[in-house]
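Participant: One structure coming up, written as structure tokens, with questions to follow.
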Amino acid sequence: MFTGIVQSQAEVLAIKTENNLCRLTLAVEPKNIDQLELGASIAVNGVCLTVVEFAPLDENRAYISFDVIDESLAVTNLGALTLNGLVNIERSLKVGDELGGHMVSGHVHCQAQLIENHVTSSNCRLVFSCSPNWMKYILPKGFIAINGISLTLGEVVDNQFSVHLIPETLARTNLSRLSINDKVNLEFDQQTITIVSTLERMNLV
């Protein structure tokens, strides 16, 4: 489990695909491998991946490698990563850690596309379009994870929704690098999914 509070960004160091399996290697700050173990879970752009290799590179950098299956590449934006691109990373939640965002599983449901970007000196409003099949889980003031970042939803209109970002969020995550038509990973709040699905089964919506 994760909190949706991104700890840092990582640079894509290598992408090697063989037999429908992608070995993704990221360059990270050395602190990100402190007490790390093989088999540990790390969220990469909100996708829960398993550590298969890690080691220091030099005094300023380390690397972590993951194997990504074709299903994850197809459903998420990991399949569109390029060398030197930046991804959001978060180590898995430990008992006793502060839960600053909301509970996030690292299981991405779908992608959304950036269609508007409104930036001022103190605020950034991003507007995304999403498949109509998923809009029932997107509610004003509800929780959502975008590229692994726990955010509160803003306006929801038709097949579009928006989020408002403070400068700190932009500085700590890769949302500041988005261009129009870029795709992001979405994970919906599990409580919202459960409530909506239950109401549908009871024919109340």
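The values are calculated or read from the model by the stated rules, or taken from the named source; none is laboratory data. Since we're looking at a predicted model, the values are computed, not measured. FYI the Cβ positions are ideal-geometry reconstructions off the backbone, even for glycines, and counts take in every protein chain you see. Please note that ligands, DNA and RNA were not included when accessible areas were found on the heavy atoms of the full protein model with its side chains. Shrake-Rupley method; radii C 1.70, N 1.55, O 1.52, S 1.80 Å.
Participant: Mind checking the log10 I(q)/I(0) for the range 14-108 at q = 0.11 Å⁻¹? Debye, one equal scatterer per Cα, no solvent, two decimals.
Facilitator: -0.32
Participant: To check my understanding: the extent here is largest minus smallest coordinate of the Cα atoms along each principal axis. What are those three numbers for the range 101-163, in Å, largest first?
Facilitator: 33, 26, 18
Participant: Considering Cα pairs under 8 angstrom that are at least six residues apart, work out the relative contact order of the range 117-167 and quote it in whole percent.
Facilitator: Here the relative contact order equals 41 percent.
Participant: Of the residues 17, 76, 173, which exhibits the maximal mean-square fluctuation in a Gaussian network model of the chain defined by a 10 Å Cα contact cut-off?
Facilitator: Among 17, 76, 173, the largest GNM mean-square fluctuation belongs to 17.
Participant: Still on this structure, please answer the following. Tell me, what is the 1.4 Å probe accessible area of residue 94, in Å² to the nearest 10?
Facilitator: Here the accessible area works out near 100 Å².
Participant: Sorted by accessible area with a 1.4 angstrom probe, largest first, how do 189, 182, 34 fall?
Facilitator: Largest accessible area first, the residues go 34, 182, 189.
Participant: With the chain treated as a Gaussian network of Cα nodes joined by springs under 10 Å, which of 79, 148, 46 yields the largest mean-square fluctuation?
Facilitator: The residue with the greatest mean-square fluctuation here is 79.
Participant: Please compute, for the alpha-carbon atoms of the range 19-67, the extent along each of the three principal axes and give them in descending order in Å.
Facilitator: Rounded to whole Å, the extents work out to 34, 19, 18 Å.
Participant: Over the Cα atoms of the range 126-204, what radius of gyration and what Dmax do you get, in Å?
Facilitator: My reading of the Cα-based Rg and Dmax gives 13.5, 44 Å.
Participant: If you build a Gaussian network model of the chain, linking Cα atoms that sit under 10 Å apart, which residue out of 92, 131, 121 swings the most?
Facilitator: The residue that fluctuates most here is 121.
Participant: Report ³J(HN,Hα) in whole Hz for each residue of the range 65-78, in order, from the Karplus equation J = 6.51 cos²θ - 1.76 cosθ + 1.60 where θ = phi - 60°; Gly and Pro get x.
Facilitator: Here the 3J(HN,Hα) series is 10, 9, 9, 10, 7, 5, 4, 5, 5, 7, 7, 10, 7, 5 Hz.
Participant: Relative contact order (percent) for the range 134-205, with alpha-carbon contacts under 8 angstrom and 6 or more residues of separation?
Facilitator: Details: 72 pairs, mean separation 24.5, N = 72.
Contact order relative to length: 34 percent.
Participant: May I ask you to derive the relative contact order of the range 60-198, considering only C-alpha pairs under 8 Å and at least 6 residues apart, and to give it as an integer percent?
Facilitator: Numbers: 202 pairs, mean separation 39.2, N = 139.
Here the relative contact order equals 28 percent.
Participant: Taking GluC sites (Glu not before Pro) that fall in a DSSP loop and have at most 15 other Cβ atoms within 10 Å as cut points, what is the longest piece of the chain between them? Intermediate results must be reported in sequence, preceding the final value.
Facilitator: Values: sites that count: 37, 59, 98.
Result for the longest clean stretch: 99-205.
Participant: Stokes-Einstein D for the range 65-205 at 25 °C, 0.890 mPa s, Kirkwood Rh over Cα pairs, in µm²/s? Could you put the intermediate results ahead of the total?
Facilitator: Values: Rh = 16.2 Å.
It diffuses with D of about 151 µm²/s by this estimate.
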